[in-house]
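Notes to accompany the following structure.
The values are calculated or read from the model by the stated rules, or taken from the named source; none is laboratory data. If you're wondering where the values come from, they're calculated on a predicted model, not measured in any experiment. Here Cβ is always computed from backbone atoms with ideal geometry, including for glycine, and neighbour counts include all displayed protein chains. When the accessible area is computed, the model is the full protein with side chains, heavy atoms only, and any ligands, DNA or RNA have been set aside. Shrake-Rupley method; radii C 1.70, N 1.55, O 1.52, S 1.80 Å.
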Amino acid sequence: QVQLVESGGGLVQAGGSLSLSCAASGRTFSSYAMGWFRQAPGKEREFVAAITWTGGTTYNADSVKGRFAISRGNAKNTVYLQMNSLKPEDTAVYYCAADELLSKLRVGKSTYWGQGTQVTVSS
C-alpha cells in the first residue's frame, strides 16, 4: 500500500521557520517527481514546490521563491520543505505529492497524495 506521510507542521510566528517532511512508502519512489501543495481555508489547492526524481532541478511558486526550499533525501523516498520568513498568508494545510511525471505533478494531478499537515502562521 502506497503511503505519503507528512510531518513537521505546527504553529509559528510570522518571520519564523518550519521544516516539513514527507516519507513515501509502499513502492520505489526513486524515479518519481515529488512536491508540495497547500490549501488555505476557502481557497483551492495550489502548487508550492516540486523536485525532479534526481533532485537536480527544483521549481517554486512565485509566492514562496526566496523563502521556501525543497529537497529530497539520499534514498529518494523522502522530500523536505524548508520554510523561512513565514507569513500569515502561508497558513494552510500542506500536502505532499508524488508522480512519475513532473508535468502531472505540477498541475495538481499527481497519482499519490499525503493526508496533509497544518501550518499556521500567526501575525
Exercise for the section: Return a yes/no flag: does the range 48-57 have any residue that is assigned to a strand (DSSP E or B) and either basic (Lys, Arg) or in contact (Cβ under 8 Å) with a residue 60 or more places away in the chain (or both). Expected result: no
Practice task
Please go through the range 77-95 and pick out each residue that is within 14 Å of residue 40 (Cα to Cα) and either open to solvent by 10 Å² or more (accessible area, probe 1.4 Å) or not acidic (Asp, Glu) (or both).
Solution key: 87, 88, 89, 91, 92, 93, 94, 95
Handout entry: Contacts under 9 angstrom Cβ, first residue in the range 29-44 being touching a residue at least 40 places away in the same chain (Cβ under 8 Å) and farther than 17 Å from residue 60 by Cα, partner open to solvent by 70 Å² or more (accessible area, probe 1.4 Å) and β-branched (Val, Ile, Thr), 6 or more apart
Key = 32/111
Exercise for the section: Report whether or not residue 119 is modelled with pLDDT of 95 or more and buried (at least 20 other Cβ atoms within 10 Å of the Cβ). Expected result: yes
Problem - Residue that is open to solvent by 60 Å² or more (accessible area, probe 1.4 Å) and among the β-branched types (Val, Ile, Thr), where the choices are 28, 52 - result: 28
Exercise for the section: Out of the residues in the range 55-67 that are modelled with pLDDT of 95 or more and small (Gly, Ala, Ser), state the one that is least open to solvent (accessible area, probe 1.4 Å). Expected result: 61
Problem - Failed item, numbered, when residue 88 is tested on (1) under 14 Å from residue 110 (Cβ atoms); (2) over 16 Å from the mean Cα position of the chain (by Cα) - result: (1)
Practice task
Could you check, for the range 64-71, whether at least one of its residues is in a loop (DSSP other than H, G, I, E, B), within 14 Å of the chain's Cα centre (by Cα) and among the charged types (D, E, K, R)?
Solution key: yes
Practice task
For residue 40, state whether it is surrounded by fewer than 20 Cβ atoms within 10 Å (Cβ to Cβ), touching a Ser or Thr at 6+ places or on another chain (Cβ under 9 Å) and at negative phi.
Solution key: yes
